[in-house]
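Take a look at the structure below.
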Amino acid sequence: MIYNIIGKKALALVCLLTALSSFTSGAERTPVKAAYIPLADHYAGIIAFEKYRNEMKIADYSIKRMKSWPLLRAYFLEGLSDMAFVMSPLAMDMYRVSPTFRWVGQMHRDGNALAINGLINQHVNLPLKREDRKPDAKVAEAYSKVKQQLGRPSQVAVPSLLATHMVVLYKYLKDHGKTLGIGTGTREDVIAIAVAPAKSPAFIKRQNSKGIPASFEQSLPWADVVETNKFGHVAWYSKDVLPWPKGHVECIALASDRAIKNKKEAINEVIYYIHQAGLDIEAAREKGGEAMKEIAAMIRKHIPEHNEQAIIQSLRKDLNVINYKNLNVEIPGMKMVMDLAVEGGILREPINLDAFTDSNFSTKITEQ
């Protein structure tokens, strides 16, 4: 009887100590929540979560998938996440309105593409191989021909009217003497409308069913999704429109001022592992085969709409249309995007990039 009482007390004590140990262990790690959109742009954030969240000593890292850029913008600015992965013009516009956060790193370089449906491609006749598809004048001229046929400009879907994709489109059309309407217009050669990335393949399908020429400029792998599923074509990649040493600035990592003040070490650890995850993706591209399938499997846990083939096509080493190296902040690259965005009427006005940027979270590993 006495033994049973002692045994029960000992067992209760062990359970209490285990619970306290778990509580203490959890309390020692600082929660860091990051908001993201289902894009190849944010793969490094996903891989960091899948591979390294349990190795982090300081940060309790979690990721929150958002349905659209407006929702992500509101979610982050309302303080519901510590970090957000955001397109650079949108981030600059957010900062213009509410300078309560800083740019602390990049999520990738390059990484978006123009997709066209067959009704536009009949004027273009794209080369069979993706690597041979370049931003020459053919798609730009096709937009003008389609406008004549329809009696109005066709629509090109972009993730946001404040997207880097808008800057790429503006630059491409400008290079070929064409114009881009923002949201509405009748005189322009093509009109950009906002369509959430995950809904962009459905946009092309819907226009196909109506017999309407259409296109979208979205982050990878959405353009590859429409091609691998045979209802659209990749026309060109952004890296060839906006060439920049090591790749142009695109989606960037933001951290709130409050998180930087109260969770600096944890934010620093998360960024370190995002940079490491970027290098892991690059290593898998080099190896190919099973290594790439493992990366794709981790991504598809969070973004099942990205089929394995589209992920692998987007990350092809020979195309090199997106990369996850050199992810530290880089003001000259951001200034190039900002200047074009202001020139094209995408951004209302420039911002102070020095105030916007916090380089204290830079790592050396990403420069490998």
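All of the numbers you see were taken from the coordinates with simple rules; none came from a lab. Since this is a predicted model, take the numbers as computed values, not measurements.
Things to note:
- Viscosity 0.890 mPa s, temperature 25 °C, Stokes-Einstein D of segment 112-241 from Kirkwood C-alpha radius, µm²/s: 174
- GNM top mover of SER144, SER215, SER314 - the chain, alpha-carbon springs below 10 Å: SER144
- Whichever lysines have a C-alpha closer than 24 Å to that of LYS33, once near sequence neighbours (fewer than 8 apart) are set aside: LYS51, LYS57, LYS64, LYS67, LYS261, LYS263, LYS264, LYS301, LYS325, LYS364
- Within a Gaussian network of the chain (alpha carbon springs, distance under 10 Å), most fluctuating of ASN117, ASN54, ASN307: ASN54
- Between 0 and 90°, nearest 10: helix 88-97 axis offset from the chain longest Cα axis: 70
- Selected from GLU55, GLU343, GLU269 as most flexible by GNM, with the chain as the system and alpha-carbon contacts under 10 Å: GLU55
- Degrees between helix 164-175 axis and first principal axis of the chain (Cα, 0 to 90, nearest 10): 20
- Aspartates and glutamates with Cα under 17 Å of LYS205, excluding same-chain neighbours fewer than 8 positions away: GLU217, ASP224, GLU227, GLU305
- Its alpha carbons give segment 77-142 an Rg and a Dmax of 18.5, 48 Å.
- Largest-first ellipsoid semi-axes for the chain, taking √(5λ) over the Cα gyration tensor eigenvalues, angstrom: 42, 23, 18
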